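Student: Supplied in C-alpha cells, the structure appears directly below.
The values are calculated or read from the model by the stated rules, or taken from the named source; none is laboratory data. Please read all numbers here as calculations on a predicted model, not as lab measurements. Here the Cβ positions follow ideal geometry from the backbone for every residue, glycine too, while neighbour counts run over all protein chains shown. The area values use the complete protein model at the heavy-atom level, side chains included, leaving out ligands, DNA and RNA. Shrake-Rupley method; radii C 1.70, N 1.55, O 1.52, S 1.80 Å.
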Amino acid sequence: MKIPGAPSETPSETLSDERLMDDVSAVLRAEADVVFTDERLARQHAHILRRIEEETRPGQVIAFPNAQPTRPALRARPGMRWVAGAAAAGLLIGVAAGHLAHDLPGGIRAIPSAAIASGSLQPTLQAVSTTMSEEEFLGQMEIAIETTGGSALRPLDDLTPLVWEIAAQ
Amino acid sequence: MPRTTSQRSIAPVTSAASAHAAPQPGITLSADSAVAADVKALVVAGKRDAARERFALLVTNLQRRAGRIAYQYLRDVQDADEAVQDAFVKVFTHITSYREELPFEVWFTRILVNRCLDLQKARARRLRWIVPTPSGSDGIPYEPVAPQPTPEHRLLASERGRVIMAAVQELPDRQRKVFTLCQIADQSTSEVSQALGLSEATVRVHLFRAMRKLRTLLVHER
C-alpha cells in the first residue's frame, strides 16, 4: 500500500508490503467472518428491520373516556336519594341547635364531671405565692422532709458533707 | 487494499427525488449513496413502507462490512451485533439529515464507530462494578460450531494467521483503528479521516506507523 506523503520505498519493498497487507487484511476479515456467520447476519437483518418498523410506527391514539359517563347508583335507585337527603337535613338541624344552645344567655354549659362528682366547682389546689422569700421556702422544705419520708433520706444526709464541716477543715 | 481516493462509481439513480442531489466536485458517489438518497426521498414523501423496503437493500449491502468494523473495535460478537443494529436503526431514523452529496459509507461508518465507542465506555463501566461471568452462563446460547472448518477457520488456525492476529493486537489503539478502517472497511485515508474526525495527515501518520510496526513484527515470520 502506498500512503501519500510517506517516505519512498524501493519497488520490491512496496510489493512485499502489499503482499503483507493483503495477508493482514485477509486475516482480519476472516476473524470477523468466523463469528458473523450467515445465520447471524440473517438474524441481524431481521432484527434491524423489525426495530425500524417498531420505531417508525405511528403512535396509537387512545380514545378519551366518554364525555358523558353513566352516573351510577343514585339515579338508578330513588330510595337512596331520600336517605341521603334525610342525613343532610339531620346534620344541618344538629349544627343549628348547637349554635342556639351556645349563644343563648344562661344556656347549657359544659360542667366537668369531676366537679360534679366532688360536689364543688371550686378548684382544690391553692395558688403558689410568688412573694415567698428564700428563707421561708427552705424552711418549708425542711419541714416537709422531716415530716414525710425524712427517715428514708437520713442515710443519704449522713453521707453528704456539711458546709460548715468543710469550712472548719 | 485501502484506497487513497474514492474510486467506486455511482449506480443509476432509481428515483427522481434523489436526482437533484449533486455530489461534491471530485467525489464519486457509490451505489449505496444512491440507495440512501432514495430512502431519504421516500421518507420525506411519507412513504415509510417503501423506504423500509429500500433500506433493507442497504442493510444487506453493508452489514457484513459493518460487522467486521464493529468486531475489530469491540472484540465481542454480542456487542458488535448490538452496535451494528443500533447504527442501522439510527441511520434510518435520522436519514433526513443525510447529505446526498457526500458518500453514505462515511456517514454510516462515523455513526457506527461512535456507537462502538459508546459501547466500549459502557462495557468499561460495567466491568468496573460487575465481575464478568464466563461466556455461555448468562443465558446466551453458544453459536453453533460449523461441522466442517471454513476457509476462514483454516486461515485463522494456521500459524501465519495467529501471528498476524497477535501483531495487529500489539498496535496502539489509534493506529489499530485507522489501520482496521483502511484495510477492512476499504476506505480511503480521506474517508477514514471524516469517519474518525481526524485530519487526513494524522490518519496517514497513524497508518504509516501501523504498517511499519506490522512489517517489523511480521518480517521474521515470512
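Student: Go through segment B:155-174 residue by residue and tally those that are closer than 15 Å to B:T216 by Cβ, facing another protein chain (nearest Cβ under 10 Å) and open to solvent by 60 Å² or more (accessible area, probe 1.4 Å).
Tutor: Result for segment B:155-174: 0.
Student: Confirm whether B:D79 is at pLDDT 90 or above, within 30 Å of B:V205 (Cα to Cα), in a helix (DSSP H, G or I) and not aliphatic (A, V, I, L, M).
Tutor: Considered against the rule, which asks whether it is at pLDDT 90 or above, within 30 Å of B:V205 (Cα to Cα), in a helix (DSSP H, G or I) and not aliphatic (A, V, I, L, M), B:D79 comes out as yes.
Student: Looking at this structure, is A:R29 within 12 Å of chain B (Cβ to nearest Cβ), modelled with pLDDT of 65 or more and open to solvent by less than 90 Å² (accessible area, probe 1.4 Å)?
Tutor: Yes, satisfied.
Student: Check segment B:64-85 and report whether any residue there is without any contact (Cβ under 8 Å) to a residue 60 or more places away in the chain, open to solvent by 60 Å² or more (accessible area, probe 1.4 Å) and among the β-branched types (V, I, T).
Tutor: No, that holds for no residue.
Student: Right, B:V203: touching a residue at least 12 places away in the same chain (Cβ under 8 Å), farther than 13 Å from A:M21 by Cα and open to solvent by less than 10 Å² (accessible area, probe 1.4 Å) or not? Don't jump to the end; show me each part of the working.
Tutor: On the way: touching a residue at least 12 places away in the same chain (Cβ under 8 Å): yes; farther than 13 Å from A:M21 by Cα: yes; open to solvent by less than 10 Å² (accessible area, probe 1.4 Å): yes.
Yes; evaluated as a whole, the condition is true for this residue.
Student: Scan segment B:51-63 for residues that are touching a residue at least 24 places away in the same chain (Cβ under 8 Å) and either within 9 Å of chain A (Cβ to nearest Cβ) or of a type in the set (D, E) (or both) and report the count.
Tutor: Selection size over segment B:51-63: 5.
Student: Right, something else. Residues in segment A:143-153 that are at pLDDT below 75 and either open to solvent by 100 Å² or more (accessible area, probe 1.4 Å) or among the polar types (S, T, N, Q) (or both): how many?
Tutor: 4
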